[in-house]
1. Has the stretch 181-200 got any residue that is surrounded by 14 or more Cβ atoms within 10 Å (Cβ to Cβ), in the same structural domain as residue 142 (by TED's automatic domain parsing), touching a strand residue (DSSP E or B) at 6+ places or on another chain (Cβ under 8 Å) and closer than 18 Å to residue 140 by Cα?
2. Just checking, does the stretch 139-150 include any residue being in contact with a strand residue (DSSP E or B) (Cβ under 9 Å, 6 or more places away or on another chain) and under 30 Å from residue 44 (Cα atoms)?
3. Just to be sure before I move on: is residue 52 in contact with a strand residue (DSSP E or B) (Cβ under 7 Å, 6 or more places away or on another chain), more than 18 Å from residue 147 (Cβ to Cβ), touching a residue at least 12 places away in the same chain (Cβ under 8 Å) and crowded, with 18+ Cβ neighbours inside 10 Å in the structure I sent?
4. Looking only at the stretch 1-23, which residues are surrounded by fewer than 23 Cβ atoms within 10 Å (Cβ to Cβ) and assigned to a helix (DSSP H, G or I)?
5. Can you pull out the residues in the stretch 137-175 that are more than 16 Å from the chain's Cα centre (by Cα), buried (at least 17 other Cβ atoms within 10 Å of the Cβ) and within 21 Å of residue 107 (Cβ to Cβ)?
6. Checking residue 59 against (1) modelled with pLDDT of 95 or more; (2) more than 18 Å from the chain's Cα centre (by Cα); (3) over 17 Å from residue 22 (Cβ atoms), only one condition comes out false. Which one?
7. Do the conditions hold for residue 93, that is, is it surrounded by 13 or more Cβ atoms within 10 Å (Cβ to Cβ), part of a helix (DSSP H, G or I) and touching a strand residue (DSSP E or B) at 6+ places or on another chain (Cβ under 8 Å)?
């Protein structure tokens, strides 16, 4: 499957969730690390949206959305049954993407959104954190004792939130969420997908993501 190509950016949470699913499913592909300020023409030609991640399949089909890439990967191989047979995980992911993420962007870049202060944006973010804290309860993962697609899809964005002000987050009243986040960060899978790759250039030797 070496003809599969993933355009990615190491620190992008959307790209992280895609890489998590691909690595978990043990799908071998060529990874092209993108410099966002200088995106390669090969990416722009196949994906007008011009943002990562983008997956190009062997047949030329292009998958442009991170969740679609995750579900495609899990359809190829899902040994621990990340895909749960119920709608709840999708609802939680949708809340992350449509409600939490816009507030997270303003929280992270509060100096660019001066209509309100940082605390205002953090307060709105915390509405979702409270949902996750309750969802976790006394279990290690969002939907029980095993990791699911919801954990992998949501985790990169909670990591991004926590890194805005680590002291605040780890002193806040979200003990279950803190433990959950720490477990995700310390996991072998996350460390694997966060390896650094040089920026891709046309003509270079293919860089394989899973070898």
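The values are calculated or read from the model by the stated rules, or taken from the named source; none is laboratory data. What you see is a predicted model, and the numbers here were worked out from it, not measured in a lab. Here the Cβ positions follow ideal geometry from the backbone for every residue, glycine too, while neighbour counts run over all protein chains shown.
1. Scanning the stretch 181-200, I find no residue that is surrounded by 14 or more Cβ atoms within 10 Å (Cβ to Cβ), in the same structural domain as residue 142 (by TED's automatic domain parsing), touching a strand residue (DSSP E or B) at 6+ places or on another chain (Cβ under 8 Å) and closer than 18 Å to residue 140 by Cα, so the answer is no.
2. Yes, that holds for at least one residue.
3. For residue 52, the condition - in contact with a strand residue (DSSP E or B) (Cβ under 7 Å, 6 or more places away or on another chain), more than 18 Å from residue 147 (Cβ to Cβ), touching a residue at least 12 places away in the same chain (Cβ under 8 Å) and crowded, with 18+ Cβ neighbours inside 10 Å - is met.
4. Correct list: 13, 14, 23.
5. Matches in the stretch 137-175: 164, 169, 174.
6. Among (1) modelled with pLDDT of 95 or more; (2) more than 18 Å from the chain's Cα centre (by Cα); (3) over 17 Å from residue 22 (Cβ atoms), residue 59 violates only (1).
7. no
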